[in-house]
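These notes are about the structure you will find just below.
Nothing in this text is a laboratory measurement; each read-out follows from the coordinates by a stated rule. None of the values given here were measured: they were computed from a predicted structure. Because the Cβ atoms are built from the backbone with ideal geometry, glycine has one as well, and the counts that use them run over all protein chains shown.
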Amino acid sequence: MKSPNCGNVTVAMPGHHLNYFFPYSGDVAHYETSLTRAFFALVGLSPLVHEHVIETIRQANQDLPRFIDLRPESSSLALEVSSIDRETGNALLVHLTGAPPETPASSTKTDAGRRYDAVLTYDCGWTVLFETKIGGADRKDATANIPHTLSERVVDIRWNDLIETIWRLIECGLLCGTEERVAQQFLEYVETEFESLCPYSTLGRCGGSPTRIKARCLQILRSFGPADRDRLDLGEGAIARFSCLVYNAEKRFLALCLWPGDTIRQAREFYTQAHVEGTLRLREGHQHWSIEPNLHLAFMQKNYVWTQVNLSLEDYLQLWVERMPHHGRTLARDEAKSGFVAAFNDLVSGMLASESDRPAFGEHFLATSRREMNICPGLAIVFEWPLAEAENLDRLGRFSGEVNARLREGLAAWGQTLPVEP
């Protein structure tokens, strides 16, 4: 927010000072203090948010009654509670976690005087206790030595899922007036101070954040098969082993990437006339497909130098259709590594590399102890969506299917299929 100028006096108006949840001063980086306070302030102000929080917890533990059966009109909410007044009744402990836990929740009863971050008490006899965890829940300090018995009623709820619930309430128009505005302020607060907890179930909810868009892309890839980081594993022995769905923040587009012929073995299978013709036809079907040479120098399954290819795509492909039956690993031959030098000079003379690539070639192959070099004549095949288009498709529930269809289309060009059905 810009500062208005009042005569000769400039009045500073920090943008967050009118947000209900931003503290006027002090540290806002601690879950137990700031985020917990903000979230339960919203729960106390919005009956609908309160109801959906209870429903989220009920999905994890059906022992908890429905919201209406808890008689919420008679509930009470307290923060930073070190003792429970009630000696009888039912209790449920909820770990609010910043990351999904790796093991099932369990309760212990060894920590006398344990302080709970929040407690919701209902006159029907139920108490819901909350503890906030920065990462996964720590089971060793799960409960206090209090008069009532938890009876193993301990569940983990992700902050991401709770915040997702609030997004949905706003998007579906279920909140209105002041209640909606307060919920929007809470999301603005989380967006600013706790970005990693924001939902990424659609690209639109990622708010343009590269970190969250990357998480959404990985989520989509995992719906097709095994994926780690930003890569979908298409199976050992495939012509294209990996596929990526990545976001270019500078140009604001998402790209589905395939790399057929990334190793010598893959290239041997790829470079047939039928596969080349099928690949070139990709450019005819959809204007967003692009195909470029991806020649690189590798050793032991690791790529080190990508060269500048100055041949047309058609000439590049036809050249390797002819060469691949006789192409193999390049040997150093002698101490001067004349075999490497001769092979690189051949690439330069054939416009498959440039003199500007020579320093990197020297660094990774001449100045090392490596005695073998793989010249891998791969391709980079990419389908692009402008971010706005992808967000709209994802809002309609169609983007994952669109990515799946384009992935199958690309692989089909050389006869490959997805190893796992979505």
| request: Report, as a whole number in µm² per second, the diffusion coefficient that Stokes-Einstein gives for segment 203-360 at 25 °C and 0.890 mPa s using the Kirkwood radius over alpha carbon pairs. | output: 137 µm²/s
| query | So how do Met324, Met373 line up by other beta-carbon neighbours within 10 Å, fewest first? | reply | Met324, Met373
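Can you give the FRET efficiency to the nearest 0.05 for Glu195 and Arg66, using r as the Cβ-Cβ distance and R₀ = 25 Å?
Using R0 = 25 Å, I get an efficiency of 0.15.
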| message | Give me Thr263, Thr121 sorted ascending by neighbouring Cβ count inside 10 Å, so fewest comes first. | response | Thr263, Thr121
| query | Which values of log₁₀ I(q)/I(0), to two decimal places, follow from the Debye formula for segment 171-249 at q = 0.16, 0.20, 0.22, 0.23 Å⁻¹ with a uniform point scatterer at every Cα? | reply | -0.69, -0.89, -0.99, -1.03
| note | Given a Förster distance of 30 Å, the FRET efficiency implied by the Cβ-Cβ spacing of Ala388 and Asp233, rounded to the nearest 0.05, works out to 0.50
| request: Could you list Ile291, Ile381 in order of exposure, starting from the residue whose Cβ has the fewest other Cβ atoms within 10 Å? | output: Ile291, Ile381
| aspartates and glutamates whose Cα lies under 17 Å from that of Lys302, excluding same-chain neighbours fewer than 8 positions away | Asp233, Glu236, Asp262, Glu363, Glu372
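So for segment 206-412, averaging the separation of alpha carbon pairs under 8 Å that are six or more residues apart and normalising by length, what relative contact order in percent results?
25 percent
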| At R0 = 35 Å, FRET efficiency that the Cβ-Cβ distance of Ser74 and Glu171 yields, to 0.05 | 0.70
| request: Subtract the Cα-Cα distance of Glu55 and Glu322 from 0.36 nm times their separation in residues, and report this length gain in nm to one decimal. | output: 89.7 nm
| said: Below 11 angstrom from the Cβ of Ala298, what's the summed charge of the other residues (Lys, Arg +1; Asp, Glu -1)? | reply: +1
| remark: With 0.36 nm assigned to each residue of separation and the Cα-Cα distance removed, Ser349 to Arg395 gains 11.5 nm
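Any idea what the dipole of segment 206-412 comes to, in debye rounded to 20, about its Cα centre with Lys/Arg Cβ at +1 and Asp/Glu Cβ at -1?
Taking the Cα centre of segment 206-412 as origin, the dipole is about 620 debye.
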